[in-house]
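Asker: Sharing a structure here in structure tokens format.
Nothing in this text is a laboratory measurement; each read-out follows from the coordinates by a stated rule. Computed from a prediction, not measured in an experiment: that's the story for all the values here. Neighbour counts run over all protein chains shown; Cβ positions are idealised from the backbone, glycine included.
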Amino acid sequence: MTISETKMKTALSLILGLSTIAGAAQAFEFKGAELGLEYSRLQDKINGESVAKTTLDGSVEFGFLSNFAVQFDAARHDFSAISETGTTFTLHGIYDVNDQLALGAYWNRLDVAGTDAQYFGLEGKYDFGVGYTEVYFEKDNESGLDSTSVGIMGAWGVSEKLDLTAAFDYLDLSDDGDRKIYTFGTRYDLIENTTLTAELGIDDSSGLGRDQFFALGIEYNFGSNRGTTFGKRGGFNAIPGS
């Protein structure tokens with residue numbers, strides 16, 4: 001084979017490789033993303049210290065093969081009571097059954113103070129026009145843990161800018177008892193793509209008793225979906241103040 005033939009073969013291989021990469025990139029469609037900042041705090045204090053949490057998070061979603069999508073979430077949580085920082089990473093696989101119903105499976109990992117845990121879950125979302133309902137089931141994937149979480153939340157649009165929300169999360173933490181979290185809130189579209197959130201709720205723990213909490217947040221959504229399909233998963237996201 002001559003030098004010119006070798007160069008031509010290399011060039012053709014490069015063109016084919018770039019074509020394959022370009023085709024794969026075109027197969028994925030950007031659907032939406034969001035950035036959020038939230039502060040939550042329990043009413044009761046521990047040793048005079050507020051039990052509060054500040055969360056900065058982001059999500060992005062890409063669709064492929066018309067009915068499938070992947071969503072990735074990442075969050076940083078600052079816990080005031082224990083002076084520690086935790087992280088949550090979640091990867092969702094999504095199947096859009098139709099324009100109203102989406103089903104998903106996900107994996108997430110929580111890290112705090114040098115300790116991590118992994119979880120797997122199933123989820124679903126139904127959009128009924130003026131609002132939506134979302135459910136999930138989650139189980140740990142750790143030999144030293146035996147925890148299960150389930151939850152349901154919904155939103156109802158009362159105007160073009162205002163939604164009312166409600167949620168219930170149940171966490172079975174095995175030896176540490178269970179935890180029931182009741183949340184009621186509002187979402188207000190301040191300006192295009194920017195939403196303010198406010199929540200009040202009750203955190204009922206078999207080990208710590210019952211406490212009230214509030215949460216305030218702001219979200220910036222963009223993309224054709226105005227955000228992502230599913231909400232945030234993981235114990236750090238579900239438990240206020242933590």
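Asker: Along the range 88-93, what does the Karplus equation 6.51 cos²θ - 1.76 cosθ + 1.60 (θ = phi - 60°) give for ³J(HN,Hα), rounded to whole Hz, x for Gly and Pro?
Answerer: Along the range 88-93, the couplings run 10, 10, 9, 10, 10, x Hz.
Asker: What list of ³J(HN,Hα) values in whole Hz, one per residue of the range 165-171 in order, does the Karplus curve 6.51 cos²θ - 1.76 cosθ + 1.60 (θ = phi - 60°) give from phi, with Gly and Pro shown as x?
Answerer: 10, 8, 8, 9, 10, 10, 10
Asker: Measure out, as a whole number of angstrom, how far apart the alpha-carbon centroids of the range 118-191 and the range 206-242 sit.
Answerer: If you average the Cα positions of each part, the centres end up 8 Å apart.
Asker: Check which residues have an amide H placed less than 5 Å from Phe214's amide H, if you skip close sequence neighbours.
Answerer: Arg41
Asker: Relative to the longest principal Cα axis of the chain, at what angle does helix 3-27 sit, 0 to 90 degrees, rounded to 10?
Answerer: 30 degrees
Asker: Which order do peptides 52-60, 80-88 fall in by mean Cβ count within 10 Å, highest first?
Answerer: The densest-packed peptide leads the list: 52-60, 80-88.
Asker: Here's another thing I want to ask about it. So what are the chain's ellipsoid semi-axes, whole angstrom, largest first, if each one is the square root of 5 times an eigenvalue of the alpha-carbon gyration tensor?
Answerer: Values: eigenvalues 302, 103, 59 Å².
The three semi-axes for the chain are 39, 23, 17 Å.
Asker: May I pose another question? Can you compute the charge dipole magnitude of the range 148-242 about its Cα centre, using +1 on each Lys and Arg Cβ and -1 on each Asp and Glu Cβ, nothing else charged? Give it in debye, rounded to the nearest 20. Intermediate results must be reported in sequence, preceding the final value.
Answerer: On the way: 8 positive and 14 negative charges, 45 e Å.
Once rounded to the nearest 20, the dipole reads 220 debye.
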